[in-house]
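The values are calculated or read from the model by the stated rules, or taken from the named source; none is laboratory data. As the structure is a prediction and not an experimental result, all values here were calculated from the model. With ideal geometry, Cβ positions are generated from the backbone for all residues, glycine too; neighbour counts draw on all protein chains shown. To get the accessible areas, we keep the full protein, side chains included, count just its heavy atoms, and leave off ligands, DNA and RNA. Shrake-Rupley method; radii C 1.70, N 1.55, O 1.52, S 1.80 Å.
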Amino acid sequence: MNDRIARAALTRLFDSQDSTGRELVKALGAYAALRVATGAQSPHTFRHITEAELTEGLRRWAQRVPDVDAERDLATIERLGGGFLIPGDEHWPIGLDDLPDAPYGLWYVGNITNGIPAVQRAAALTGSRDSTSYGAAVTGEMAHGLAQRGICIVSGLAYGIDAHAHRGALAGFTGTGPATIAVAAGGLDRVYPSGNADLAAAIRANGLVVSEQPPGNAPTRYRFLQRNRIIAALAGVTCVVEARWRSGALNAAHHAETIARHVAAVPGSVHSANSAGCHRLLKEGTAALVSDAAELAELLAS
């Protein structure tokens, strides 16, 4: 078994926030860590893992071992017209290495010919699913303007701001590199939400849909929150266009700030609940105020 197969297996066996599993990989490498986690190799003492943590980890992982079949998952993603990237690959997005909990690998479908752009050539646009006409218009204009500059738009394929970001990028695409990258919260064998199936197909033609989840894994609230760190890590700036006070989009902004990426927010009406989260970021000093593509491009260049 090679490192690619081992890492594919780990995407099904370990959660991204499983610190015991992460320490195991750090100590042994992906292949040996997989053998220990599946019971194929006897565990021993580890410097940063207590006996209790390892025992609990082995109990937790044992429930998932029957579902682990990396070669099946790799064959599935190949049938879907995609593949599986791991650190060290030509197209591995090195921006992910800035995450303390970087994915073990990245599943993708779409056009990988031009790879994944450096973070300086990618901007994340995200926000409310129940976007207003104002949010939709600003997002579309920003995404189109950035795409015209050859900047890839990263978002989450959700309804609302995310969908407008992807569509704006596709409309402004100049043919250089991927137009847009959608980060999914579940396996790539199905589109979620299903109402964005046509949009996902358009993205695959001129961009990529990626996920740390193997085929078959369903999106969950936890996985939606975790995919936000990938959105933030793939881009040099994360811009929240519209967000309620407790919007999940603020989670993406937090991840961007944590790994020293630029954070931006678009101001809105003081009467709009959909802009309360943006105003919160601006008031706290977390985000730079931006109003158009040019200002976002300036942040990327700084």
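At a Förster radius of 30 Å, what calculated FRET efficiency corresponds to the Cβ-Cβ distance of Y159 and A273, to the nearest 0.05? E between Y159 and A273, to the nearest 0.05, is 0.95. Distance from the Cα centroid of the stretch 201-267 to that of the stretch 63-119 is 17 Å (rounded to whole angstrom). Only protein atoms count toward the accessible area here, which uses a 1.4 Å probe; on the chain, the carbon and sulfur part of that area reaches 50 percent. Of the chymotrypsin sites (Phe, Trp or Tyr not before Pro) found in the stretch 209-302, those in coil by DSSP whose Cβ has at most 15 other Cβ atoms within 10 Å are W245. A Gaussian network model of the chain, with springs between Cα atoms under 10 Å, assigns the largest mean-square fluctuation among L28, L74, L281 to L28. When you work out D = kT/(6 pi eta Rh) for the stretch 191-302 at 20 °C and 1.002 mPa s, using the Kirkwood radius from C-alpha pairs as Rh and the Stokes-Einstein form, the result is 140 µm²/s. Extension gain, R47 to R64: 0.36 nm times the residue separation minus the Cα-Cα distance gives 3.6 nm. Considering all C-alpha pairs of the stretch 109-226, those separated by over 25 Å amount to 16%. Its Kirkwood hydrodynamic radius, worked out from the mean inverse distance over all distinct Cα pairs, puts the stretch 1-132 at 16.4 Å. Can you list the residues of the stretch 112-133 with backbone N under 18 Å from a point 7 Å past the Cα of R149, pointing along Cα to Cβ? What the label zone holds, given the 18 Å backbone N cut-off, is 117-126. For the chain, adding -39500 (n - 2.57) for each run of n ≥ 4 DSSP H residues and dividing by the number of residues yields -13000 deg cm²/dmol at 222 nm.
As an exercise, find the ratio Rg/Rh for the chain from alpha-carbon atoms, using the Kirkwood inverse-distance average for Rh. With Rg and the Kirkwood Rh in hand, the quotient comes to 0.99.
For an R0 of 25 angstrom, estimate the FRET efficiency from the Cβ-Cβ distance between E90 and T176 and round to the nearest 0.05. Computed FRET efficiency for E90 and T176 comes out at 0.85. Rolling a 1.4 Å probe across the protein heavy atoms gives the chain an accessible surface of 43 Å² per residue.
FRET efficiency for the A118 to A294 pair, using the beta carbon distance and R₀ = 25 Å, is estimated at 0.80.
Distant-in-sequence amide contacts of H262, defined by a placed amide H-H separation under 5 Å and a gap of 5 or more residues or a different chain, comprise T238.
The label-point distance for E56 and S133, in a model that sets each label 7 Å from Cα toward Cβ, rounds to 5.3 nm. Taking only the alpha-carbon positions of the stretch 49-109 and ignoring solvent, what does the Debye formula give for the base-10 log of I(q)/I(0) at q = 0.12, 0.17, 0.28 Å⁻¹? Values, matching the q order: -0.46, -0.81, -1.05. If both residues of a DSSP beta bridge must be in the chain, then about 30% of such bridges are antiparallel.
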